[in-house]
Amino acid sequence: MGLKEKILVKSLWVFHISAGSCNNCDIEILDCLTPRFDIERFGMQLIGSIRHADVLLVTGAMNKKSAPILKDLYEQAPKPCFVVAVGTCPCSQHMFKDSYNTISSLDAIIPVDVYIPGCPPKPEAIIAGIAKLINKLTNDKR
Amino acid sequence: MKFILYFLFLFFSVSMGGIGWWLERKLTARFQYRVGPPWYQNFIDIMKLFIKETIIPQGASRILFILSPLVSLSSSLIVALILITDYFFKQNFIADIIVIIYLLIIPSLFLILGAFSSANPLALVGAIRETKQLIAYEFVFIVSLVIVIIKTGGSLFLSEIIERQMLGNIYFKSFSGLIAFILAFFYLQAKLGIIPFDTPEAEQEIASGVMIEYSGALLGFWKISKLLLYFSLPLFIIFLFLPGKFVDIIIKYFLLILLITVVKNINPRMRIKDVLEFFWFFLFPLGLIGIFLAINGY
Ligand code: SF4
């Protein structure tokens, strides 16, 4: 584990993208900031601008309109930047698999680092997912 | 020898600024029944920004975009140095208060220029709001300084202002001094962009506004500049109104941060119109009363 990763995992700034979700996953993400879960104690912050982002939390099934926007957003984020798929929708299209409007799951469009299944995932599950991401980062370069 | 001392002082002010900013975040978290970040969070954040990629947006004016954070950082460094040499070595030059006022305007000015040069509509909105705020709060702060200067008998030396008060009569305890302190306190709140006056950076409406296009090392320079302001601005206000021994000053600094945090947590964000009205139609007349009282020796 290098110094770079050590610093990076202590201050992950999270940017939240809703690519056509039913809004339930978004509410669960906001729950992570509440007093009960409080992700700020791990140095994570929900930030407003894509240029400051370290982690993209993507929710919702991709549709034809949001997929190009998502791709743009991923290219706008400064690297190193990690992508977390929150909810079953971005992981595997969920019940919208046969819809006329959806294209594919998230990993066909941008590289995904961690999958958090659930409909919606509990805040505990989201925090566990981020912990998985941290483990992945710190063990990769050994 | 002195050179090394200056570097030590700069290191000290950066670390005090980081601790102060952390205290603000931690207290906010405690007010909301959260745990809050660990004490080294701000330093880690800045270090992280320096290992990230720096993106210069297409269509931005490159020179201004890169130069603004650097100029802002250097002017806040100079302010910290002037304040500290004034206090410890009693070394100063003619009218250093006016120099400090100018140097304190520079970070805001270059924040506006940097936002304009980044070619982003949300940054534009943020920059316009920052411009309006700048007109509002600088004016009030100058009124507050006029009260202090009248009370010191027209002296423009910061060290003389400090020495006068060290002899006994601290300005904070007199009526006009208290009014000047209130004006300066709201100036501090607005200058640091903390909640009732954080319209230019409003995260929920305009997505961090003026900072929106800055990333990586350039954002890191902005953060260091803000870190230094977090220390030197409260320090300046303490020097003006309630100086004392070194330990006293540090305690007062933390108390001031506490006061800022309380005001932050019991207020919602103001609209830009309300900010202007608050500064011009409430604080400015209060300042005029303060000047009147100061001339009459209260
Ligand atoms: S995973 Fe479930 S809760 Fe989340 S966006 Fe999809 S349908 Fe909604």
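Here, each number is a calculation from the coordinates, and none is a lab measurement. On a predicted model such as this, the values are computed, not experimentally measured, just so you know. Please note: Cβ atoms are built from the backbone with ideal geometry, for glycine as well, and neighbour counts cover all protein chains shown.
Backbone N atoms of segment A:41-83 closer than 17 Å to the 7 Å Cα→Cβ label point of B:Q58 belong to residues A:51, A:68-78.
Each of A:A125 and A:N139 was given a label point 7 Å from its Cα along the Cα-to-Cβ line. The distance between the two points is 2.2 nm. The alpha-carbon positions of the protein assembly as shown define a convex hull whose volume is 146 Å³ per residue.
Comparing B:I78, B:I128, B:I51, which has the greatest mean-square fluctuation in the GNM of chain B with Cα pairs linked when under 10 Å apart? Of the options given, B:I51 has the highest mean-square fluctuation. Stretching the chain fully between B:L178 and B:I250 yields a gain of 23.9 nm (0.36 nm per residue, less the alpha carbon separation). Rounded to the nearest 500, the 222 nm mean residue ellipticity of the protein assembly as shown from helices alone is -20000 deg cm²/dmol, with -39,500 (n - 2.57) taken per DSSP H run of at least 4 residues. Between rounded, prolate and oblate, where does segment A:11-141 land on the alpha carbon gyration tensor, with a ≥ b ≥ c its root eigenvalues, rounded for a/c under 1.5, else prolate if a/b exceeds b/c? Prolate. Taking Cα atoms only, the orientation of helix B:216-241 departs from the longest principal axis of chain B by about 10 degrees. Evaluating 6.51 cos²θ - 1.76 cosθ + 1.60 at θ = phi - 60° for every residue in segment B:187-193, the Karplus couplings come out as 4, 4, 4, 6, 5, 7, x Hz, glycine and proline recorded as x.
DSSP loop chymotrypsin sites (Phe, Trp or Tyr not before Pro) in segment B:1-84 with at most 16 other Cβ atoms within 10 Å of their Cβ, which ones?
B:Y33, B:W39, B:Y40
Straightening the chain between B:I101 and B:V146 buys 15.0 nm, computed as 0.36 nm per residue apart minus the Cα-Cα spacing.
May I ask you to list the trypsin sites (Lys or Arg not before Pro) in segment B:1-110 that are in a DSSP loop and have at most 14 other Cβ atoms within 10 Å of their Cβ? The qualifying sites are B:K90. Volume of the convex hull of chain B (Cα atoms only), normalised per residue: 133 Å³. Return one number: the angle in degrees, 0 to 90 and rounded to the nearest 10, between the long axis of the Cα atoms of helix A:123-140 and the longest principal axis of the Cα atoms of chain A. Around 60 degrees separate the two axes. Note on chain B: GNM, Cα springs under 10 Å; of B:F281, B:F110, B:F221, the largest mean-square fluctuation is that of B:F281. Considering only alpha-carbon pairs that sit under 8 angstrom and 6 or more positions apart, the relative contact order computed for chain A is 28 percent.
Looking at the calculated P(r) for segment B:1-139, what percent of the C-alpha pair distances fall above 18 Å?
70
Computed from Cα atoms, the angle from the helix B:284-295 axis to the main principal axis of chain B rounds to 30 degrees.
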